[in-house]
Amino acid sequence: VRYWFLGGLSGGGVSGTAFKTNQTIEASLVRMGLSGIAEKGLWLLLVAALVVLVVRAMRWAGPVLALLANAGIALLVSPTSWSHYYVWVVPALVLMLAQVARHAYARSWQAVPWAAWAILTAVLFKLAPFHGLPDTDFPVVHMHWTWPQQLSAATYPLVGLALLLAFALPRQRGPRWDPALPVSPEPVAVAR
């Protein structure tokens, strides 16, 4: 309980810090200037919504996608997830590239958004824009940053949220989704 609720992110408490390399929802909220009940309340609301969404989606997902969703939500909702914890992006990228190949083989237009997501994710995780932000002395929180800097500081949580939403929203009632299953080719119009 202390780790999740009583450590405080403004300094070096047991629940992490608001330093730019702490890539969590909670650290992002604290860096934006929220604190106390407002910060914890918004964090709990976001966590609850994500848990409901991901648990429902994991019921129809194959084991690989369910594992990646579980890892993603754990990174996002934890008080501390340093940027190097996001090694889970590598298997996620492999899964996305498998989807690109799978849909390209089937001549499906869905290869394009999968490719775009994979490229964007790889670029953002490679660049890690938050590393270019100015450092501040401990225990100063980064509340003086502009909104573009705040967004840059939250690169991994924003990409993680987008990927979890993309995973969870579209198929909550569809058939079980497993990247190992083949995609049926779409009919191809033949020009005469």
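The values are calculated or read from the model by the stated rules, or taken from the named source; none is laboratory data. Everything numeric in this text was worked out from a predicted model, so none of it was measured. Positions of Cβ are backbone-derived with ideal geometry, glycine not excepted, and every protein chain shown enters the neighbour counts.
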Which pairs have Cβ atoms under 7 Å, sit 6 or more apart or on different chains, and link a residue in region 96-108 that is farther than 16 Å from F167 by Cβ to one that is among the charged types (D, E, K, R)? A106/E186; R107/E186; S108/E186
Check whether at least one residue in region 79-86 is at pLDDT below 90 and more than 17 Å from the chain's Cα centre (by Cα), and report yes or no. no
Within region 66-123, tally of residues that are small (G, A, S), crowded, with 18+ Cβ neighbours inside 10 Å and under 30 Å from A18 (Cβ atoms): 6
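In region 106-136, how many residues are under 19 Å from Y156 (Cα atoms) and assigned to a loop (DSSP other than H, G, I, E, B)?
Here is the first cut: in region 106-136, the ones under 19 Å from Y156 (Cα atoms) are 114-135.
From the residues that got through so far, the ones that are assigned to a loop (DSSP other than H, G, I, E, B) too are 128, 133-135.
Within region 106-136, residues that are under 19 Å from Y156 (Cα atoms) and assigned to a loop (DSSP other than H, G, I, E, B) number 4.
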Check region 156-172 and report whether any residue there is out of contact with any helix residue (DSSP H, G or I) (no Cβ under 9 Å at 6 or more places or on another chain), modelled with pLDDT of 85 or more and not aliphatic (A, V, I, L, M). no
Looking at L93, L46, which one is farther than 24 Å from L133 by Cβ, at pLDDT 90 or above, assigned to a helix (DSSP H, G or I) and not small (G, A, S)? L93
